[in-house]
Amino acid sequence: MKNLYLPITVDHIARVEGKGGVEILIGDEGVKEVKLNIIEGPRFFEAITLGKKLDEALAIYPRICSFCSAAHKLTAVEAAEKAVGFTPREEIQKLREVLYIGDMIESHALHLYLLVLPDYLGYSSPLKMVEEYKKELETALKLKNVGSWIMDVLGARAIHQENVVLGGFGKLPGKETLEKMKEELKSILPLAEYTFELFAKLEQYSEVEGPITHLAVKPREDVYGIYGDYIKASDGEEFPSEKYKEFIREFVVEHSFAKHSHYKGKPFMVGAISRVVNNSDLLYGKARELYESHKDLLRETNPFANNLAQALELVYFTERAIDLIDEVLAKWPIKEKDEVEIKDGFGVSTTEAPRGILVYALEIKDGKVSYTDIITPTAFNLAMMEEHVRMMAEKHYNDDPEKLKLLAEMVVRAYDPCISCSVHVVRL
């Protein structure tokens, strides 16, 4: 008689961006199969920009996602500038990093408070937390609003930013606005520290403990950051961004519209905890103090540590943005952009989006895009994510199915996936 398998299915993982599900098959001998079914429709952002003028394509890329549109815009622009052989002035790079940090602050705050925290407090929705956890929700909104305002000021809109252009910015805010931005950042620093202390108290499930290889961008400067020209792995490997395909292989899986990725033939992880694992020695300020006092909780062996790592980054990137604004103001006034000569070329940019490494590879011919490859953090994470859901299922397959469903979703939410971003089609 054939073994009969009981399917435990989550048709739609709640409180993540995009549409995906979990399918766990359980038989007499335990867990037979685990699948993360990414059922978001194919996205054609790469294909539809082929043959378009470079400035038109750069206006399209940030529309891949509203959660991390600034990350897409800034990474695409840097890839284009590399392709044509242009390097922006230092102060322009610093202001772009502040814009990127606005995205980081908003995204981390929304993920931690509205997507993750309800699980730990026993709520199915953050809306149901209002009466008992008003302080936490007010903290989330304050952090989110400051991050969004930074993107609005420097990007000319809170989502799908247009103000970043080849060579710099279309328009710069005045000195007074940057001073105000610095004060707003100072006002949320205590809220970021509160967030870290709150998430340091939450459980990190031992069921998913195990070896993880972490990849992160190696920062250009000698400080923890977003931009870099090399990718660093926790196994000691470092390689230039341009060689990402030599070390990372994307491949199709039958149950997902999104591809999976392997590093040296095995699943790997990217994200806040991967940045901390690889670059913790570059932290400074209050974030450094918190890291040193809580490093036992920021474990490289547990995906749930990603939540605490994001909380640590709220502190760090708030401090970092304040410092960057001071450095820009010290050179004020500055020119908003320089002219860029559009030449044929190929460029790769790897940056740290809120969810991990974001890759943009662009080839420019005759002023138009002739090739694009975009790989997002969630596409990098899916294979490892699926493995961790399996580990959780193997520990709880005899429990109440509803408990297993919740735990499986919590594993996925710890990665902070952006499912819509993960599905990409290069050729029509």
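Can you tell me which residue among GLU40, GLU29, GLU33, GLU56 is among the charged types (D, E, K, R) and within 24 Å of ARG355 (Cα to Cα)?
Unique residue meeting the criteria: GLU40.
Within the range 304-320, does at least one residue satisfy the condition of being at pLDDT 95 or above, crowded, with 20+ Cβ neighbours inside 10 Å and farther than 30 Å from LYS201 by Cβ?
Within the range 304-320, not a single residue is at pLDDT 95 or above, crowded, with 20+ Cβ neighbours inside 10 Å and farther than 30 Å from LYS201 by Cβ.
What are the residues in the range 342-360 that are of a type in the set (A, V, I, L, M, F, W, C) and either without any contact (Cβ under 8 Å) to a residue 24 or more places away in the chain or surrounded by 23 or more Cβ atoms within 10 Å (Cβ to Cβ) (or both), if any?
Those that are of a type in the set (A, V, I, L, M, F, W, C) and either without any contact (Cβ under 8 Å) to a residue 24 or more places away in the chain or surrounded by 23 or more Cβ atoms within 10 Å (Cβ to Cβ) (or both): ALA353, ILE357, LEU358, VAL359.
Quick test for you: out of LEU143, LEU99, pick the one residue that is hydrophobic (A, V, I, L, M, F, W, C), over 20 Å from VAL369 (Cβ atoms) and touching a His at 6+ places or on another chain (Cβ under 9 Å).
Exactly one residue qualifies, and that residue is LEU143.
In the range 48-149, which helices (runs of 4 or more DSSP H) lie fully inside it and hold 2 or more residues that are closer than 30 Å to GLY167 by Cβ?
Because the criterion is at least 2 residues that are closer than 30 Å to GLY167 by Cβ, the helices (runs of 4 or more DSSP H) in the range 48-149 that meet it are 54-60, 69-84, 90-109.
Scanning the range 39-56 for residues that are open to solvent by less than 10 Å² (accessible area, probe 1.4 Å) and touching a Phe, Trp or Tyr at 6+ places or on another chain (Cβ under 9 Å), which turns out farthest from CYS418 (Cα to Cα)?
Among those that are open to solvent by less than 10 Å² (accessible area, probe 1.4 Å) and touching a Phe, Trp or Tyr at 6+ places or on another chain (Cβ under 9 Å), it is THR49.
When you go through GLU90, GLU78, GLU23, GLU17 one by one, which is the residue that is at negative phi, free of Cβ contacts under 8 Å to residues at least 24 places away in the same chain and either buried (at least 23 other Cβ atoms within 10 Å of the Cβ) or in contact with a Lys or Arg (Cβ under 9 Å, 6 or more places away or on another chain) (or both)?
Unique residue meeting the criteria: GLU90.
Please count how many residues of the range 251-261 are within 18 Å of the chain's Cα centre (by Cα) and over 15 Å from CYS418 (Cα atoms).
Total satisfying the criteria: 1.
Counting only residues that are without any contact (Cβ under 8 Å) to a residue 12 or more places away in the chain, give me the strands (runs of 3 or more DSSP E) lying completely in the range 160-258 with at least 1 of them.
Those strands (runs of 3 or more DSSP E) span 238-240, 248-251.
Exactly one of these conditions fails for GLU40: (1) in contact with a Ser or Thr (Cβ under 8 Å, 6 or more places away or on another chain); (2) part of a helix (DSSP H, G or I); (3) not hydrophobic (A, V, I, L, M, F, W, C). Give me its number.
Every listed condition holds for GLU40 apart from (2).
Condition check ((1) closer than 15 Å to ALA311 by Cβ; (2) out of contact with any strand residue (DSSP E or B) (no Cβ under 7 Å at 6 or more places or on another chain); (3) surrounded by 17 or more Cβ atoms within 10 Å (Cβ to Cβ)) across all residues:
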{"residue": "VAL116", "(1), (2), (3)": "yes, yes, yes"}
{"residue": "TYR120", "(1), (2), (3)": "yes, yes, no"}
{"residue": "SER125", "(1), (2), (3)": "no, yes, no"}
{"residue": "MET151", "(1), (2), (3)": "no, yes, yes"}
{"residue": "LEU172", "(1), (2), (3)": "no, yes, yes"}
{"residue": "SER187", "(1), (2), (3)": "no, yes, no"}
{"residue": "ALA192", "(1), (2), (3)": "yes, yes, yes"}
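All but one of (1) farther than 30 Å from TYR120 by Cα; (2) of a type in the set (Phe, Trp, Tyr); (3) outside any loop (DSSP other than H, G, I, E, B) hold for PHE317, so report the exception by its number.
Checking PHE317 against (1) farther than 30 Å from TYR120 by Cα; (2) of a type in the set (Phe, Trp, Tyr); (3) outside any loop (DSSP other than H, G, I, E, B), the one that fails is (1).
Can you run down the residue pairs with Cβ atoms below 9 Å, 6 or more apart or on separate chains, where the first is in the range 126-143 and at pLDDT below 95 and the partner is open to solvent by less than 100 Å² (accessible area, probe 1.4 Å) and basic (Lys, Arg)?
Close Cβ pairs satisfying both conditions: PRO126/ARG15.
Under 6 Å between Cβ atoms, at least 6 apart or on separate chains: pull out the pairs that start in the range 265-276 with a residue that is touching a residue at least 60 places away in the same chain (Cβ under 8 Å) and end on any residue that is open to solvent by 10 Å² or more (accessible area, probe 1.4 Å) and of a type in the set (S, T, N, Q).
Within 6 Å, the pairs are PHE268/THR213.
Does ASP373 satisfy the condition of being open to solvent by 30 Å² or more (accessible area, probe 1.4 Å) and either free of Cβ contacts under 8 Å to residues at least 12 places away in the same chain or among the acidic types (Asp, Glu) (or both)?
no
Exactly one condition in (1) over 28 Å from ILE226 (Cβ atoms); (2) in a helix (DSSP H, G or I) is false for LEU25; which is it?
(2)
From the set of residues in the range 395-419 that are closer than 19 Å to PHE380 by Cα, in a helix (DSSP H, G or I) and not hydrophobic (A, V, I, L, M, F, W, C), which is farthest from the chain's Cα centre (by Cα)?
GLU409
The values are calculated or read from the model by the stated rules, or taken from the named source; none is laboratory data. Everything numeric in this text was worked out from a predicted model, so none of it was measured. Here the Cβ is made from the backbone with ideal geometry for all residues, glycine too, and neighbour counts use every protein chain on show. Surface accessibility is based on the protein's heavy atoms, side chains included, excluding ligands, DNA and RNA. Shrake-Rupley method; radii C 1.70, N 1.55, O 1.52, S 1.80 Å.
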